[in-house]
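Enquirer: My questions all concern the structure below.
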Amino acid sequence: MTDSRIPSSWVDMGTLMAIQDLQWRAKTVVDGLNTGMHRSPLHGFSVEFSEYRPFSEGDDPRSIDWKLFARSDRYYIKKFEDETNRRCYLVVDQSKSMEYRSIAYSKLDYARTLAATLAYHLIQQRDAVGMVTFDSEIADVQTARFRTGQLKRLLSLLERTPSGDRTDLRGPLCQVAELVRQRSLMIVISDFLVSTEELRVPLGYLAARKHEVVLLRVLDPNEIEFNAARPVMIRDMESGGEKFVDPRSVADSYRRKFNEHESSLRGVVEPLGIAYHVMRTDSPLDASLVEFLGNRDRTAAVRSGNPSRSSKNETNTTMETASP
């Protein structure tokens, strides 16, 4: 069930997923995020991934963009050219388990839209964006670049039909760490329905390479809540095996094991300083991104030793990464 607290101004997911063109879908989300945050330009995925950043103590007041202030009622300063053009890789799980759905569209539909939205925005901000798609192994790699036609290349990778029968995160993530030698922002989009121990080594490897790693976990609401009302036939999306299940007899056990896996996953990523956020497929994508970015801003404020920053700039979201 979609959270009733979400404002009606967010983009309706049913309407969004009815848009066939992935680029238009991504543009719709970006525009919706713009409206939802009540800000004129969308410069929120990263302080370092934007052409503007919030004004802070010590900045030259002459650098304030007063036209932007008039539209947003917030102080921003323009960034210098050498602060732009960062690198980001979108690492997208396209395995069979991502095709699961209990609503009108699958986790894979949602993940593709999420990746397309991030790519669309970052390229708008003149950042170098690349992509890796995988299932049981890496399927496609597009090197991070900022050039004409890059968005079209990235979207073409997202539109391919998955061919793998199982999910393997360990191998592909280790390969990504080997392939991408320059420090980058790595956004991994997956349901992470694997043993958490399989993730410890590859995530540690990425962190050791000094990449900024972000995990966006895409889950169907039924995977979180398991609210089937009557006995159902459950089919394994990867193996094809089927099992008849009475939810009344297994629901409590399922939720306990799911929560244990979630806690274990957080236990792996938190010591590595890796950002982690759950993206429910029944939640408006722009709303989920605002929540995620707000959490990132508060985390960055704490790490910078300026906890007041997050309360002062609640919507000035931050995702920090290394310079090229």
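All of the numbers you see were taken from the coordinates with simple rules; none came from a lab. Because the structure is a prediction, the values reported are computed rather than measured. FYI the Cβ positions are ideal-geometry reconstructions off the backbone, even for glycines, and counts take in every protein chain you see.
Enquirer: Which cross-chain or sequence-distant (5 or more) residues have an amide H under 5 Å from the amide H of residue 92, H modelled 1.01 Å from N in plane?
Expert: When sequence neighbours closer than 5 places are left aside, the close amide H contacts are 132, 133, 134, 189.
Enquirer: Right, here's the next one. Points 7 angstrom from Cα along the Cβ direction at residue 257 and residue 24: gap in nanometres?
Expert: In this crude spin-label approximation the distance works out to 4.3 nm.
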